[in-house]
Amino acid sequence: MTIPALSSQPPIYARGPVGVDTTRPSIARVYDYSLGGKDNYDVDRAAYMHIEHVAPRYDAVARANRRWLHRVIRHLAGTAGIDQFLDIGAGMPTTLNTHQVAQYENRHARVVYVDNDPLCAVHGSALLVQNENTRYIRGDLLEPGTLLENQEVTSHLDTNRPIGLLVCGLLHHLDDGLDPAAVVRDYTTRLPAGSYLATTNFWDPADEYPELHTLATKLERAFTTSGLGPARFRTRAQQLEYFDGLHLIEPGLTQLDDWWPPGPPTRPRRPAQRLILGGVGYKQPPPPPQIHAH
Ligand SMILES: C[S@@+](CC[C@H](N)C(=O)[O-])C[C@H]1O[C@@H](n2cnc3c(N)ncnc32)[C@H](O)[C@@H]1O
């Protein structure tokens, strides 16, 4: 019996950034298109249509994601008093960006946007760096030692003070082999006490809504076959691992429009909108030392 030779190629767990290559769809540009942006090409619109074929009006997912992000930033920059944000996988500039929401609450709030797609950094630097409190840099979540040690980040954010770490719509693009929970833990263990992690991720609700499991599987396949690389729909238990060592604040890990909704729903929720969860974790300060009576 002949044993087939193993490929010498390393396994692909995450797709490299596409940048200005107009022959391959890019996650950032497809997302931009789904939000009604102009920074996208035919190849991106074709990839988006491929996904829409499985889940009509898929743009509802991107919009729900942005609404969630805005509510979270408002809470963090307002009530929670966070005045510095690290937004990893920030994407293309869009209508309402992190610094605009944060600085509406606190005009001194500082924001560093990061994306590994060079095109995002180019557009971002041009359009988002509107004041001395915002920066847009090219960087990778998977950078050795984490972005919290990146000099461009540390020259703008004080990593000894609480930070709002935003990792939205990104971790599901990392394949299981990269162990996204371990990647996140690398960040949260380095964050100072008083910091927050906010994250949104595709969800496979097989245990809670088995009827939606098939749609999750189809969407996972549609992302891959459209050339966008991995898009993993993970279970709630898998996503809860992202909050290891953190206190998950109310209302917990929920469908996006269930996280402190701003008012009555304006339209029925699309099935694909139910396939993404968001949550915010708080890194509590260590308890005060016990005083022992002699
Ligand atoms: C779907 S967009 C999300 C944009 C924004 N965070 C939001 O939630 O509205 C995902 C972004 O993550 C970026 N990205 C993917 N892998 C990344 C990595 N390893 N490091 C940094 N950015 C990454 C993509 O280029 C893309 O712009």
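The values are calculated or read from the model by the stated rules, or taken from the named source; none is laboratory data. For clarity, every value in this text was computed on a predicted model and none was experimentally measured. Here the Cβ is made from the backbone with ideal geometry for all residues, glycine too, and neighbour counts use every protein chain on show.
Summary of values
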read-out	value
Matching residues, segment 192-209, being small (Gly, Ala, Ser) and touching a helix residue (DSSP H, G or I) at 6+ places or on another chain (Cβ under 7 Å)	ALA198, ALA206
Flag for ILE82 being at negative phi and within 12 Å of the ligand (Cβ to nearest atom)	no
Count of residues meeting criterion [in a loop (DSSP other than H, G, I, E, B) and farther than 16 Å from ALA102 by Cβ] in segment 139-171	14
Residue, modelled with the highest pLDDT, within segment 104-132, restricted to residues that are touching a strand residue (DSSP E or B) at 6+ places or on another chain (Cβ under 7 Å) and surrounded by fewer than 20 Cβ atoms within 10 Å (Cβ to Cβ)	PRO118
Set ALA55, ALA77: member being more than 20 Å from the chain's Cα centre (by Cα) and of a type outside the set (Phe, Trp, Tyr)	ALA55
Residue check for LEU148: at pLDDT 95 or above, hydrophobic (A, V, I, L, M, F, W, C) and more than 11 Å from the ligand (Cβ to nearest atom)	yes
Test: residue in segment 84-103 that is surrounded by fewer than 18 Cβ atoms within 10 Å (Cβ to Cβ) and within 22 Å of GLY194 (Cβ to Cβ)	no
Options ASP207, ASP186, ASP179; residue that is among the acidic types (Asp, Glu) and modelled with pLDDT under 95	ASP207
Cross-chain or 6+ apart pairs with Cβ under 8 Å, segment 59-81 first and without any contact (Cβ under 8 Å) to a residue 40 or more places away in the chain, then more than 15 Å from the ligand (Cβ to nearest atom) and assigned to a helix (DSSP H, G or I)	ARG74/TYR104; ARG74/GLU105; GLY78/GLU105
Residues of segment 85-96 satisfying the condition of being on the phi < 0 side of the Ramachandran plot and either of a type in the set (A, V, I, L, M) or within 9 Å of the ligand (Cβ to nearest atom) (or both)	LEU86, ASP87, ILE88, ALA90, MET92, THR94, LEU96
Residue under evaluation VAL30, criteria (1) closer than 18 Å to ILE276 by Cβ; (2) surrounded by fewer than 23 Cβ atoms within 10 Å (Cβ to Cβ); (3) not acidic (Asp, Glu), criterion not met	(2)
Residues located in segment 203-240, provided they are touching a residue at least 24 places away in the same chain (Cβ under 8 Å), in contact with a Lys or Arg (Cβ under 8 Å, 6 or more places away or on another chain) and assigned to a helix (DSSP H, G or I)	LEU212
Hey, ALA64 at pLDDT 95 or above, aliphatic (A, V, I, L, M) and more than 13 Å from the ligand (Cβ to nearest atom) or not	no
Selected residue (only one of ALA109, ALA126 is among the aliphatic types (A, V, I, L, M), more than 12 Å from the ligand (Cβ to nearest atom) and closer than 30 Å to GLY16 by Cβ)	ALA126
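Residues are listed down the side, and each one gets a yes or a no for (1) closer than 19 Å to VAL280 by Cα; (2) aromatic (Phe, Trp, Tyr); (3) more than 14 Å from the ligand (Cβ to nearest atom):
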site: LEU166; (1), (2), (3): yes, no, no
site: ASP175; (1), (2), (3): no, no, no
site: LEU178; (1), (2), (3): no, no, no
site: ALA181; (1), (2), (3): yes, no, yes
site: ARG190; (1), (2), (3): yes, no, yes
site: TYR209; (1), (2), (3): no, yes, yes
site: LEU219; (1), (2), (3): no, no, no
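Here's the yes/no breakdown for (1) surrounded by fewer than 22 Cβ atoms within 10 Å (Cβ to Cβ); (2) within 19 Å of the chain's Cα centre (by Cα); (3) under 19 Å from ASP115 (Cα atoms):
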{"site": "ARG161", "(1), (2), (3)": "yes, no, no"}
{"site": "LEU165", "(1), (2), (3)": "no, yes, yes"}
{"site": "ASP175", "(1), (2), (3)": "yes, yes, yes"}
{"site": "PRO180", "(1), (2), (3)": "no, yes, yes"}
{"site": "ARG190", "(1), (2), (3)": "yes, yes, no"}
{"site": "ALA193", "(1), (2), (3)": "yes, no, no"}
{"site": "ALA198", "(1), (2), (3)": "no, yes, yes"}
{"site": "ASN201", "(1), (2), (3)": "no, yes, yes"}
{"site": "ASP207", "(1), (2), (3)": "yes, no, no"}
